[in-house]
C-alpha cells in the first residue's frame, strides 16, 4: 500500500503591488507535461485564469515536470492559493478525463492510493508548491532570466527562446508565442529584442 506523504501547507502572503514567483510540480515529479497537448491545455487555462483573477503575467515556463510563473495581481486578490487552485484543477480534470478515454498508460502513472485505500488520479503534486514574493526590480529581472534559462539548464534547447512553452520567445520578439506578457507593468524597462 502506498503511504501518503505529509506536506506542509504553504502560506501565501499577498501585499498589494508585490509579484509572486509560483512553482508547482507534476505528480511525483513525473514528466507529464512532456505532452504538448497537456501544455497547450495549461496555457489555455492560464489565459482564462489570468483574465478572471486580474493578474499581470510577467514570465512563465512550462517544463516537462513542473511550471514556473511570475505574476503580479492587479485586481483584488481573494488568495494566491485560489489562483493556484484555478490554474491547476481544470487542467488536471481535463488530462485525467482524456487519459481515461485515450491514454491508460499515462493514467496509471497518475494513480494515487492514500492510506485509507482511496484511489485518485493526480496530475499535480500535492501541496501549494512554492510562492516567493518580490518587490525589487533587480530580483524580478533575475527571476525572469532564471525562468527562461530553465530549459537550457536542462539541455532541452540551446537558447531560451527555442523552448515553445515559455515567455522567452515573447521577450526576444519571436513572431509566434503562446501568450503576450504584460511588460508595460514591469517595474523596470525590459525591452523586447
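In this structure, is residue 140 assigned to a loop (DSSP other than H, G, I, E, B) and within 27 Å of residue 79 (Cα to Cα)? Considered against the rule, which asks whether it is assigned to a loop (DSSP other than H, G, I, E, B) and within 27 Å of residue 79 (Cα to Cα), residue 140 comes out as no.
Quick one: in the stretch 102-129, which of the residues that are without any contact (Cβ under 8 Å) to a residue 24 or more places away in the chain and over 19 Å from residue 34 (Cα atoms) is surrounded by the fewest Cβ atoms within 10 Å (Cβ to Cβ)? Write out each step before concluding.
Pass one, the stretch 102-129, residues without any contact (Cβ under 8 Å) to a residue 24 or more places away in the chain: 102-105, 107-108, 111, 116, 118-120.
Pick out the ones that are also over 19 Å from residue 34 (Cα atoms) and you get 116, 118-120.
Working: 116: 7, 118: 9, 119: 9, 120: 11.
This residue is 116.
Taking helices (runs of 4 or more DSSP H) as the structural unit, those lying wholly within the stretch 34-127 and holding at least 2 residues that are modelled with pLDDT of 95 or more, closer than 27 Å to residue 142 by Cα and under 15 Å from the mean Cα position of the chain (by Cα) correspond to 36-53, 80-102. Summed over the stretch 130-168, residues that are surrounded by fewer than 19 Cβ atoms within 10 Å (Cβ to Cβ) and more than 17 Å from residue 58 (Cβ to Cβ) total 10.
The values are calculated or read from the model by the stated rules, or taken from the named source; none is laboratory data. Everything quoted here is computed from the prediction, not taken from an experiment. Glycine gets a Cβ as well: all are built from the backbone with ideal geometry, and neighbour counts include every protein chain shown.
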